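Engineer: Got a structure for you, questions after.
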Amino acid sequence: MAPEPKKLHSGPARRATLLERLTSLFQPILMYTVVFTNGFIPALISQLHNLFNPSKLPLVFSPSAWRDAILKDGMPVILREGDKLAKDYKQHIVGRYASGKVFELGAGSGETLQYYDVNKISSLYLIEPFEELLPSLFASIKSRGPGFESKTKVVPVYVENRGALSDMGVQQGTFDTVVLVQVLCSIRDPGAHLAYLQSLLKPGGQLLIFEHVASKNSLTLLFQRLINPVWSYLARGCRLDRHSADVILQLGGWSHSEILRPEEEHDGALFPRAAARFVKA
Ligand SMILES: C[S@@+](CC[C@H](N)C(=O)[O-])C[C@H]1O[C@@H](n2cnc3c(N)ncnc32)[C@H](O)[C@@H]1O
């Protein structure tokens, strides 16, 4: 018998037990261990090649080049593992509602593609600036078949680069759906882009998000802030303490909004998640 789908709710997170609080503290270590064990050997091989290439030799001595090289193979694995735990939530938000002309910011290695119903979508713009992830993204698109592939367009630029986005067909007031999955945590100044993302929507268009957000529990929020500097460096800018869903709501201009969280989640979670839908007035 298939397991019951995991549910979302709009109430506060239940109180964590001491054991749950303690085990939560190990989650970032566990996650980075998965990234490192999958990314280190390929990173080492690519850096050994750089050692014999004079133009790339400086990369061998650059900590951020090592970090990015490790993320190249490690990040798709952690995103895939994370996706397994969040399938029901993503299905509830993205699978159920994404339709028409869709804009997805920070598509990564393409973990969200499986939730789009090709019959409900007319076109899909996938924005992904991290070039190390593009091979995995193109492979994910291809694996979904020619019908899906013909509707997608990969736009390899940062959201900050409005000119390039516009040149590649991303125009304001033309999208039915904007999708943000675990991306507001990584953008340098997300508040500066929310109004732009809203402006891409037609009236009645919807912004769908599945994001890890700041905890509502002050002790957990303190831990999130303590861990942030190291986590943010290792995960290329990802921050744990952003109230992303609340900030979108406060932006205003929505005719309908719903912000949900996983029922199973407790208030000691360092990666509490918000699944939300906002409809533009
Ligand atoms: C944690 S990953 C999530 C990827 C994917 N959405 C998923 O859930 O599997 C965050 C993504 O946001 C992208 N990103 C970070 N800053 C960005 C920016 N300024 N503009 C566009 N994308 C950005 C990163 O390159 C990365 O692919």
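Engineer: Within 15 Å of the ligand (Cβ to nearest atom), under 22 Å from LEU207 (Cα atoms) and over 17 Å from the mean Cα position of the chain (by Cα): which single residue out of VAL94, VAL170, VAL159 fits that description? Outline the logic, then answer.
Structural biologist: Details: VAL94 fails: over 17 Å from the mean Cα position of the chain (by Cα); VAL159 fails: over 17 Å from the mean Cα position of the chain (by Cα).
Step by step, each of VAL94, VAL170, VAL159 is checked, and only VAL170 is within 15 Å of the ligand (Cβ to nearest atom), under 22 Å from LEU207 (Cα atoms) and over 17 Å from the mean Cα position of the chain (by Cα).
Engineer: Hey, could you check the stretch 121-146 for residues that are in contact with a helix residue (DSSP H, G or I) (Cβ under 7 Å, 6 or more places away or on another chain) and charged (D, E, K, R) and say which is farthest from the ligand (Cβ to nearest atom)?
Structural biologist: Going through the qualifying residues, I end up with LYS142.
Engineer: So which of ILE121, ILE187, ILE93 ends up being without any contact (Cβ under 8 Å) to a residue 60 or more places away in the chain and aliphatic (A, V, I, L, M)?
Structural biologist: Of the residues listed, the single one that is without any contact (Cβ under 8 Å) to a residue 60 or more places away in the chain and aliphatic (A, V, I, L, M) is ILE121.
Engineer: For ASP176, state whether it is charged (D, E, K, R), more than 13 Å from the ligand (Cβ to nearest atom) and surrounded by 14 or more Cβ atoms within 10 Å (Cβ to Cβ).
Structural biologist: Numbers: charged (D, E, K, R): yes; more than 13 Å from the ligand (Cβ to nearest atom): yes; surrounded by 14 or more Cβ atoms within 10 Å (Cβ to Cβ): yes.
Spelling it out, ASP176 is indeed charged (D, E, K, R), more than 13 Å from the ligand (Cβ to nearest atom) and surrounded by 14 or more Cβ atoms within 10 Å (Cβ to Cβ).
Engineer: Does at least one position in the stretch 195-207 carry a residue that is open to solvent by less than 30 Å² (accessible area, probe 1.4 Å), without any contact (Cβ under 8 Å) to a residue 40 or more places away in the chain and either within 15 Å of the ligand (Cβ to nearest atom) or within 27 Å of ASP83 (Cβ to Cβ) (or both)?
Structural biologist: Within the stretch 195-207 (the criterion being open to solvent by less than 30 Å² (accessible area, probe 1.4 Å), without any contact (Cβ under 8 Å) to a residue 40 or more places away in the chain and either within 15 Å of the ligand (Cβ to nearest atom) or within 27 Å of ASP83 (Cβ to Cβ) (or both)), the answer is yes, since at least one residue qualifies.
Engineer: Any residue that is open to solvent by 70 Å² or more (accessible area, probe 1.4 Å) and under 29 Å from GLN114 (Cα atoms) - is there at least one of those in the stretch 46-66?
Structural biologist: Looking for residues that are open to solvent by 70 Å² or more (accessible area, probe 1.4 Å) and under 29 Å from GLN114 (Cα atoms), one finds none in the stretch 46-66, hence no.
Engineer: Another question about this same structure. Which residue, of SER215, SER232, is under 20 Å from the mean Cα position of the chain (by Cα), more than 28 Å from GLN172 (Cα to Cα) and free of Cβ contacts under 8 Å to residues at least 12 places away in the same chain? Reasoning before the result, please.
Structural biologist: Details: SER215 fails: free of Cβ contacts under 8 Å to residues at least 12 places away in the same chain.
Criteria check complete, one pass: SER232.
Engineer: Another question about this same structure. Can you report the number of residues in the stretch 97-120 which are more than 14 Å from the ligand (Cβ to nearest atom) and part of a strand (DSSP E or B)? Reasoning before the result, please.
Structural biologist: From the stretch 97-120, those more than 14 Å from the ligand (Cβ to nearest atom) are 97, 99-101, 117-120; that's our starting set.
Now narrow it down to the ones that are part of a strand (DSSP E or B): 100-101.
Number satisfying all stated conditions: 2.
Engineer: Here's something else I'd like to know. Only one of (1) loosely packed, with under 14 Cβ neighbours inside 10 Å; (2) hydroxyl-bearing (Ser, Thr, Tyr); (3) modelled with pLDDT under 95 fails for SER218. Which number is that?
Structural biologist: Only one criterion in (1) loosely packed, with under 14 Cβ neighbours inside 10 Å; (2) hydroxyl-bearing (Ser, Thr, Tyr); (3) modelled with pLDDT under 95 is unmet by SER218, namely (3).
Engineer: Among the numbered conditions (1) more than 13 Å from the ligand (Cβ to nearest atom); (2) within 23 Å of ASN161 (Cβ to Cβ); (3) in a helix (DSSP H, G or I), tell me where ASP88 comes up short.
Structural biologist: Unmet for ASP88, out of (1) more than 13 Å from the ligand (Cβ to nearest atom); (2) within 23 Å of ASN161 (Cβ to Cβ); (3) in a helix (DSSP H, G or I): (2).
Engineer: Can you tell me which residues in the stretch 83-118 are farther than 14 Å from VAL154 by Cα, open to solvent by less than 30 Å² (accessible area, probe 1.4 Å) and not β-branched (Val, Ile, Thr)?
Structural biologist: If the condition is that a residue be farther than 14 Å from VAL154 by Cα, open to solvent by less than 30 Å² (accessible area, probe 1.4 Å) and not β-branched (Val, Ile, Thr), then ASP83, ALA86, TYR89, LYS90, GLY95, ALA98, GLY100, TYR115, TYR116 are the ones that fit.
Engineer: Say we look at the stretch 232-242 and pick out the residues that are touching a helix residue (DSSP H, G or I) at 6+ places or on another chain (Cβ under 7 Å) and either among the charged types (D, E, K, R) or under 25 Å from LEU260 (Cβ atoms) (or both); which of these is farthest from the ligand (Cβ to nearest atom)? Please lay out each step first, then the result.
Structural biologist: Quick first cut of the stretch 232-242, residues touching a helix residue (DSSP H, G or I) at 6+ places or on another chain (Cβ under 7 Å) only: 234, 236, 238-241.
This time we only want the ones that are either among the charged types (D, E, K, R) or under 25 Å from LEU260 (Cβ atoms) (or both), so: 236, 238-241.
On the way: ARG236: 7, CYS238: 6, ARG239: 11, LEU240: 12, ASP241: 15 Å.
Among them, the one singled out is ASP241.
The values are calculated or read from the model by the stated rules, or taken from the named source; none is laboratory data. A quick note: this is a predicted structure, and the numbers were derived from the prediction, not measured. Virtual Cβ from ideal backbone geometry, glycine too; neighbours counted across all protein chains shown. Areas reflect the complete protein model, heavy atoms only, side chains present, ligands, DNA and RNA absent. Shrake-Rupley method; radii C 1.70, N 1.55, O 1.52, S 1.80 Å.
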